[in-house]
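We did not get these values from a lab; they are worked out from the coordinates using the rules stated. Small disclaimer: the values here were computed from a predicted structure and weren't measured. When we count neighbours, we look across all protein chains shown, and the Cβ atoms used for this are built from the backbone with ideal geometry, even at glycine.
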Amino acid sequence: MTNLRTTLAVCFASLTLLVCPITAQPLSPGLEGGPPGPGGPAFLDNVFPPGLIMRHQSDIGLTDEQRAAITKQMEEAQKELVTLQWEVERESEKLGKLLEGARIDEAAALRQADQVMTAEQRLKKAHLTLLIRVKNDLTPAQQQKLRDLRPERRRGRPH
């Protein structure tokens, strides 16, 4: 049980790593179960973060089979997410070094920025893949219940 909790804690930590080093803005503060923040993309309203599902597993009638499938999805994604986060950080570090000087080689910096953004795109795609797979493990009734249980949405956005 401790091993599962540790694995899930590490997975949730990695889910919060959707950070764009160039803008220092996360893809969405809502990935752990709360509503996406004002800067988060609206499409995330249509998926369900594992943290939200875990908090309401009894409320939505999550079966043992669903719990096992979601846990497996999270464990598999976590391996990829850690590797991708290392890549994002490595490429961001290179860009940071190019930007340190008093004069910047614009072409080199922009080439490296492309490398950072490509790595970030792969990371975000891996996160979205997990969210899609988790949603696909839920029944339509469970999805509706999760929508109803979600914290209040951002202002001006429909529920």
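Against the numbered list (1) within 19 Å of the chain's Cα centre (by Cα); (2) surrounded by 15 or more Cβ atoms within 10 Å (Cβ to Cβ), Q112 comes up short only at (1).
The residue pairs whose first member lies in region 72-99 and is over 27 Å from N136 (Cβ atoms), whose second member is not in a helix (DSSP H, G or I), and whose beta carbons are closer than 6 Å, counting only pairs six or more residues apart or on different chains, are S92/P21. Every condition in (1) surrounded by fewer than 14 Cβ atoms within 10 Å (Cβ to Cβ); (2) at negative phi holds for G61 except the one numbered (2).
Can you spot a residue in region 116-132 that is of a type in the set (S, T, Y) and within 12 Å of the chain's Cα centre (by Cα)? The answer is yes, given that some residue of region 116-132 is of a type in the set (S, T, Y) and within 12 Å of the chain's Cα centre (by Cα).
Just to be sure before I move on: is L131 part of a loop (DSSP other than H, G, I, E, B) and within 28 Å of T71 (Cα to Cα) in the structure I sent? Against the criterion (part of a loop (DSSP other than H, G, I, E, B) and within 28 Å of T71 (Cα to Cα)), L131 does not qualify.
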